[in-house]
There are 2 protein chains.
Amino acid sequence: MGLVRCQLGVSLDGFMAGPDQSVDNPLGRDGERLMHGWRFAEPADPVDEAVMTEAMNNGAYIMGRNMFGPIRGEWHGDWRGWWGEDPPYHTPVFVLTHHEREPLVMDGGTTFHFVTDGIESALRQAREVAGDQHIGIGGGASTVQQFLRAGLLDEIHLHIAPVVLGAGERLFDDVGDPQLEQLEVLPASMVTHIRYRVVH
Amino acid sequence: MGLVRCQLGVSLDGFMAGPDQSVDNPLGRDGERLMHGWRFAEPADPVDEAVMTEAMNNGAYIMGRNMFGPIRGEWHGDWRGWWGEDPPYHTPVFVLTHHEREPLVMDGGTTFHFVTDGIESALRQAREVAGDQHIGIGGGASTVQQFLRAGLLDEIHLHIAPVVLGAGERLFDDVGDPQLEQLEVLPASMVTHIRYRVVH
């Protein structure tokens, strides 16, 4: 059975997004600094490339509604995600929401399914399509926190950026006392990638 | 001229100590988990040993009063520090305090000097005795934050533990927007050591 895992950029003070997230700025004020210098570097650091390729090696994804669309927007109408017609997932993606909506078939193998009955249901559906492949849990923080609190997350991959944000959305707020084990550290030039196992 | 640097154990959510710090528990509730598994491991991981040996390679130290003694205690009387008669510093140590006190000469080369006129004065005195050697800035968080805000810190060495504390003393609270550059990553088995330069 594949792992349930998430991969997230975080600041040294534990934020995965800055304050004042909006349609124009989904990572919030200064949030793009979490990615700056490594995620879109030219030429890319081979370590970063390998990490991101492996991070996208999933058979399905689950994401919160804020990752799929504007936080306060009414995207359940005709919003088609942030990523254009060919999103980078190339698998089924289960979007947690309170609004029912027909599946949205995109180019390149991505289909967004809208799940209104919670994370366990989303995970069950994701497992059915993913088979033995991994399942990627997207943001926002509250989605990751829900999976962590429910004991449904197997691994957390952090990209620790040399940045202090000072405010925003904290990754580990209100998650109780998860037991983590450091599995692997991959130093890149501008960021440090660390893989943690959640001990169940 | 030596570097002004600090080395600190931090949790993934950015805490350098847990809540409810006390005489019996100077790192606060669960705070010892920041060190657990690596700082006192037997046998020690050679990476951790090398990092800690280098971290103590300083010509002088500056620390806050909370690191020298009990937080609410009247240590300016006859308190002689947490470390017994032979503290691990083996250099002059400048303790920031509001209470004047004669220097306290310990065994093994450590002398505690009590500085009542602020961090610049402490740094000037530390530089005089350290010469070309580095100066280590000890905790607590507020001391590190003061040096960071004043632009007087050159390097921050973090020991990032696979721990979520959820509450306590945050390292990077209220420090504005320091520009950091990742210099070196040293993966150990239970912790990741990262060295950052503060860009002035």
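Readers should treat all values here as calculations from the given coordinates under stated rules, not as data from a laboratory. Predicted, not measured: the structure shown is a model, and the values here were computed from it. As a convention, Cβ positions derive from the backbone with ideal geometry for all residues, glycine included, and neighbour counts pool all protein chains shown.
Structural remarks
- For the stretch B:184-200, a residue qualifies if it is touching a residue at least 60 places away in the same chain (Cβ under 8 Å) and crowded, with 22+ Cβ neighbours inside 10 Å, and the qualifying residues are B:Val191, B:His193.
- Beta carbons closer than 9 Å, at least 6 apart along the sequence or on distinct chains, pair a first residue in the stretch B:129-141 that is over 14 Å from B:Leu152 (Cα atoms) with a second that is among the acidic types (Asp, Glu) for B:Gly139/B:Glu169; B:Gly140/B:Glu169; B:Ala141/B:Glu169; B:Ala141/B:Asp173.
- Inspection of the stretch B:74-81 identifies no residue that is under 23 Å from B:Ile156 (Cβ atoms), aromatic (Phe, Trp, Tyr) and assigned to a loop (DSSP other than H, G, I, E, B).
- Tally of residues being assigned to a strand (DSSP E or B), facing another protein chain (nearest Cβ under 8 Å) and among the hydrophobic types (A, V, I, L, M, F, W, C) across the stretch B:184-196: 2
- Scanning the stretch B:103-128 for residues that are in a loop (DSSP other than H, G, I, E, B), touching a residue at least 12 places away in the same chain (Cβ under 8 Å), of a type outside the set (Val, Ile, Thr) and more than 22 Å from B:Gln145 (Cα to Cα) yields one hit, B:Met106.
- Residue tally, condition touching a residue at least 24 places away in the same chain (Cβ under 8 Å) and in a helix (DSSP H, G or I), over the stretch B:26-49: 5
- The set of residues in the stretch A:119-141 being exposed (fewer than 13 other Cβ atoms within 10 Å of the Cβ) and either touching a Gly at 6+ places or on another chain (Cβ under 9 Å) or closer than 23 Å to A:Pro26 by Cα (or both) consists of A:Gly131, A:Asp132.
- Per the listing A:Glu169, A:Glu181, A:Glu155, the residue uniquely of a type in the set (D, E, K, R), more than 9 Å from chain B (Cβ to nearest Cβ) and either within 24 Å of A:Pro46 (Cα to Cα) or surrounded by fewer than 19 Cβ atoms within 10 Å (Cβ to Cβ) (or both) is A:Glu155.
- Among residues of the stretch B:157-179, those that are in contact with a Ser or Thr (Cβ under 9 Å, 6 or more places away or on another chain), of a type in the set (Val, Ile, Thr) and part of a loop (DSSP other than H, G, I, E, B), counted: 2
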